[in-house]
Amino acid sequence: MTDRRRAVRPGEPSCPTLEREDPGGRSGVSAIWRVRGMREARQVLRARHATTQAGFTAEKIPQRLKLHPVLVSDGPLHDEQRRKVARFLAPKVVQDRYPGLMQASADRLLGEATRAGGCRLDDLALDYTVEVTAKVVGLTESSVPRMARRLVTFFNQPPFDITRADLGRTGRQWASAAFNGLVPVLRFWWHDVRPAVRSRRRQPREDIISHLIDEGYSNTDILVECVTYGTAGMVTTREFITMAAWHLLADEELLERYLAGEEADRMAILHEIIRLEPVVGHLYRRAQVEVAVGGHEGQPEDVVAPGDLMDVCIRSANADPDVVGPDPLDLCPGRQLPAGVNPAGLAFGDGEHKCPGQPLAMLESDVLLHALLSRRPQAVREPELGWDDLIEGYTLRGLELRLT
C-alpha cells in the first residue's frame, strides 16, 4: 500500500478503531478511549453538549476567567461566541474581504525573498500568517515581525502528558511552564494587544477586537482571545504551508497540476494534502454524560462513562479506508467521499468545536503557495520534522528555498 505521508509519529498505532485503556492506577485519571475510526471520531466530536474540551490544556485554564476563549469554551457560551464571530470567518466573508490583503502580503514577502536569493519557508510563512491573522483580529498597532517572534515564544513549554491528572510534569517543569507562559503573555499584551485595544476604543473597526469590546469583554478576556486567535491562526497554517510546499516540490506532476488549476482544483489538492498530513494530530474530549460510540453495520455500541477521556486520533481517522476509500495513505486529490465528509477529513475537527478558521486558513495557504511556486523555487535543504505537545502536531523547520 502506498504511503505518501511525511509526518509519521513513531510508535503511534492506527488500530483498532476504538480502544479503551484502563488508567492503570494513575491517580485522578478515568479510563481513556482511543478513537481511530472516522465514523467513531465524528460521533464523539458531534456529541453536542455531552462532552467538554480537554485538549490544549483546557482543563488547566483558571475558572475565574469570566469568558473562556472560544477554543476551549463549551455549551451555550461557545455556541454564542461562534455565532457572533462567524461574520469575520464565514466563507463568503473570507472570499470577499481578505484575498487582496493576502496577495499583497505574499507578493511583498516573496519579493524580498527573491532579492535575497532565497528564504527559509517556515520563517516566511510565519511572518505571512501572523500578518494576515493580525489584520483579521485587529492587532495592527505594532510590528508584525516582532509580534510573530513573541507569539512563537508561547510554545517554549516543557513536555506534558494530557492523559495524566498532573500532566506528568514535575514541580520544576510546572514552574518553568508558568514562567515561559507568563512572560510572553505580558510582552504580547504590552506591545501588541494594549495599543490595539486603545486604538479601537477610540475608533472601532471591522475586526475581532472591536467586536470583543462591543461585547463587554474585559482587557484580560480580550488578551486571552488574542492569544488564542493569534497562536491558532499562526501555528497550524504556518506548518501546513511548509508541508504542502514540501509535497508539491517533491512531485513534479502534482506541482504542474496545482499551478495549472483553477482555485477549485488547487483547493482539492490542498485539502487532500491536509487530510493526509493534518497538523493537529489529536483532539481530546471529556465525557460529561454517557456517550454511545460505534454501532456501525450491526456492530455493538460501546458506552463512554462520564469523566472518561476520549482521544480522537485525527491522523488515523483521516486514513480510515472504510470512509476515505482505497489507498488512504496516498495523495489522491478529488477522491470520492461519502456525503457530509469534509475533503480535509477531520483536519479542522468536526461538530461544535470545528475550527471556524478553515476557509481563511485554506485560502491563505493557497494564495502564498501559488505565488511562491509560480516563481519555480528550488529546495536546497529539506525541513526537519519535530513534534509539539501543545497542539499534538508536527513542526517543520529549515526548508530552504532558492529563489531567482
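For the range 310-374, the square roots of the Cα gyration tensor eigenvalues, ordered a ≥ b ≥ c, give a/c of at least 1.5 with a/b no greater than b/c, which places it in the oblate category. Surface composition of the range 271-335: carbon plus sulfur atoms hold 48% of the accessible area, using a 1.4 angstrom probe and ignoring ligands, DNA and RNA.
With R₀ fixed at 51 Å, the C-beta to C-beta distance from Ala104 to Arg46 puts the FRET efficiency at about 0.85.
Just the number, please: carbon plus sulfur as a percent of the accessible area of the range 337-401, 1.4 Å probe, no ligands or DNA/RNA counted.
The computed percentage sits at 50.
Under the definition of Cα pairs under 8 Å and six or more residues apart, what whole-number percent is the relative contact order of the range 271-404? Reported relative contact order: 25 percent.
Maximal additional length on extending the Asp322-Gln299 stretch stands at 6.8 nm, based on 0.36 nm per residue less the C-alpha distance. Applying 1/(1 + (r/R0)^6) with R0 = 41 Å to the Cβ-Cβ distance of Asp251 and Arg87 gives a FRET efficiency near 0.60.
Peptides 359-365, 297-303 ranked from most to least packed, by the mean per-residue count of other Cβ atoms within 10 Å: 359-365, 297-303. The residues of the range 264-318 expose, per residue, 33 Å² of accessible area to a 1.4 Å probe. Where a ≥ b ≥ c are the square roots of the eigenvalues of the C-alpha gyration tensor, would you call the chain rounded, which needs a/c under 1.5, or, failing that, prolate if a/b is larger than b/c, or oblate? Oblate, because a/c is 1.5 or more while a/b does not exceed b/c.
The Gln203 and Leu337 beta-carbon pair, evaluated with R₀ = 51 Å, returns a calculated FRET efficiency of approximately 0.65. Taking each residue as 0.36 nm, the span from Asp3 to Thr170 lengthens on full extension beyond its C-alpha to C-alpha distance by 56.3 nm.
Run the numbers for Glu384 and Gln95: contour at 0.36 nm per residue of separation, minus the present Cα-Cα distance, in nm.
100.7 nm
The label-point distance for Arg20 and Leu182, in a model that sets each label 7 Å from Cα toward Cβ, rounds to 4.2 nm.
The values are calculated or read from the model by the stated rules, or taken from the named source; none is laboratory data. Bear in mind that the values here come from a model prediction, so they are computed numbers and not experimental data. We place every Cβ from the backbone using ideal geometry, glycine too, and count neighbours over all the protein chains shown. Areas reflect the complete protein model, heavy atoms only, side chains present, ligands, DNA and RNA absent. Shrake-Rupley method; radii C 1.70, N 1.55, O 1.52, S 1.80 Å.
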